[in-house]
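The values are calculated or read from the model by the stated rules, or taken from the named source; none is laboratory data. Every value quoted in this text rests on a predicted model; they were computed, and no experiment measured them. Reconstructed Cβ throughout: ideal geometry from the backbone, glycine too, with neighbour counts over all protein chains shown.
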2 protein chains.
Amino acid sequence: MSTHWLDEIAWNGDGLVPAIAQDAESGEVLMMAWMNREALERTAATRKATYWSRSRATLWVKGETSGHTQEVVELRMDCDADAVLLRVRSVGGIACHTGRRRCFFRRLEGEGAAARWRETEPVLADPAGFRRG
Amino acid sequence: MSTHWLDEIAWNGDGLVPAIAQDAESGEVLMMAWMNREALERTAATRKATYWSRSRATLWVKGETSGHTQEVVELRMDCDADAVLLRVRSVGGIACHTGRRRCFFRRLEGEGAAARWRETEPVLADPAGFRRG
């Protein structure tokens, strides 16, 4: 009898694991969020990315309010079993609750203490109509 | 006077932020590790990925023992400022301490409780010669 795949995850002290979502087509890293055991189990079963919202303390099916779901093409785990990687189809092409294509929309520019985070991605959809997700 | 870029990061309770390293050429997500303020500052200053080892409680210049350094091409921050993304040139083409190209070398295969993590990446270098990094 082998270990259940969910038991191989090195859940942190809060029972969570970081989950990275990567666009399966473009390869862009879209976002990082957290999953508990139930979120990861549901993600695998439904093939829709489901996270654990730490701020709202609730399961959160990505796109449930915005329509910008993430269809999971592949699930991966790292060497230490303390991070998972989702390759996803980003429905609507918008992964960020700010209405941008991806959450990593700021790039560090400049040197030393004078460096600044600069926005590089346009807002593609009005974020007012949906809360995170 | 604007905020120092390091003060914009939403450091967690341990003073850390998750850092995702992505291969700048292939787009592959190589690994996820953690940075404290000094690690991120050094990463930006030296352009060599520098992490905080939680297990060893020390700064860790990726590749300092293995030679498999990560040259940072770009640094990004997400919408909530609680994750950073490094686009890197993975020197030697090996990011994982197991001697594999990337740490996410296991893929979930199968359905439900019968699913299993399967290794998909070959070991390219003898990992005995170097500890993590």
Report summary line: All conditions in (1) within 9 Å of another protein chain (Cβ to nearest Cβ); (2) surrounded by 15 or more Cβ atoms within 10 Å (Cβ to Cβ); (3) outside any strand (DSSP E or B) are true of A:A113 except (2)
Report summary line: Just one listed residue, out of B:A49, B:A95, is within 14 Å of another protein chain (Cβ to nearest Cβ) and in contact (Cβ under 8 Å) with a residue 40 or more places away in the chain, and it is B:A95
Query raised in the report: Can you tell me which residues in the stretch B:19-28 are of a type outside the set (D, E) and not in a strand (DSSP E or B)?
Result: B:A24, B:S26, B:G27
Report summary line: Every listed condition ((1) free of Cβ contacts under 8 Å to residues at least 60 places away in the same chain; (2) surrounded by 14 or more Cβ atoms within 10 Å (Cβ to Cβ); (3) away from chain B (no Cβ under 11 Å)) holds for A:G15 save (2)
**Report entry** Residue list for the stretch A:1-12, restricted to those being within 13 Å of chain B (Cβ to nearest Cβ) and either under 22 Å from B:A113 (Cβ atoms) or in a strand (DSSP E or B) (or both)
**Finding:** A:M1, A:S2, A:T3, A:H4, A:W5, A:L6, A:D7, A:E8, A:I9, A:A10
Query raised in the report: Are any residues in the stretch B:20-31 crowded, with 24+ Cβ neighbours inside 10 Å and either touching a Cys at 6+ places or on another chain (Cβ under 8 Å) or among the small types (G, A, S) (or both), and if so, which ones?
Result: B:A21, B:L30, B:M31
Query raised in the report: Taking the stretch B:78-114 as the region of interest, how many residues are under 20 Å from B:H4 (Cβ atoms) and either under 14 Å from the mean Cα position of the chain (by Cα) or of a type in the set (G, A, S) (or both)?
Result: 5
**Report entry** Conditions (1) touching a Gly at 6+ places or on another chain (Cβ under 7 Å); (2) closer than 18 Å to A:L85 by Cα: number failed by B:E64
**Finding:** (2)
Query - Residue within the stretch B:59-71 that is buried (at least 17 other Cβ atoms within 10 Å of the Cβ), assigned to a strand (DSSP E or B) and within 8 Å of chain A (Cβ to nearest Cβ) present - result: no
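So if I check each of B:A10, B:A45, B:A19, which one is of a type outside the set (D, E, K, R), under 24 Å from A:F105 (Cβ atoms) and touching an Asp or Glu at 6+ places or on another chain (Cβ under 6 Å)?
That would be B:A10, the only listed residue that is of a type outside the set (D, E, K, R), under 24 Å from A:F105 (Cβ atoms) and touching an Asp or Glu at 6+ places or on another chain (Cβ under 6 Å).
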Report summary line: Log entry, pairs with first residue in the stretch B:53-72 being under 14 Å from B:A39 (Cα atoms), second being modelled with pLDDT of 95 or more and acidic (D, E), beta carbons closer than 7 Å, six or more apart or on different chains, reads B:L59/B:E38
Query - Options B:V123, B:V84: the member that is surrounded by fewer than 22 Cβ atoms within 10 Å (Cβ to Cβ) and either over 14 Å from A:L75 (Cα atoms) or among the acidic types (D, E) (or both) - result: B:V123
Query raised in the report: Out of curiosity, is A:S55 more than 11 Å from chain B (Cβ to nearest Cβ), under 19 Å from B:C79 (Cα atoms) and outside any strand (DSSP E or B)?
Result: no
Query raised in the report: Counting only residues that are in a helix (DSSP H, G or I) and of a type in the set (S, T, N, Q), how many does the stretch A:29-47 have?
Result: 2
Query raised in the report: Out of B:R47, B:R89, B:R102, which single residue is touching a strand residue (DSSP E or B) at 6+ places or on another chain (Cβ under 6 Å), surrounded by 18 or more Cβ atoms within 10 Å (Cβ to Cβ) and of a type in the set (D, E, K, R)?
Result: B:R102
Requested in this report: Being touching a residue at least 40 places away in the same chain (Cβ under 8 Å), more than 10 Å from every other protein chain (Cβ to nearest Cβ) and out of contact with any His (no Cβ under 8 Å at 6 or more places or on another chain) narrows it down to one of B:V123, B:V88, so name that one.
Outcome: B:V88
Query raised in the report: Looking at (1) in a loop (DSSP other than H, G, I, E, B); (2) modelled with pLDDT under 95, can you tell me which one B:D80 breaks?
Result: (2)
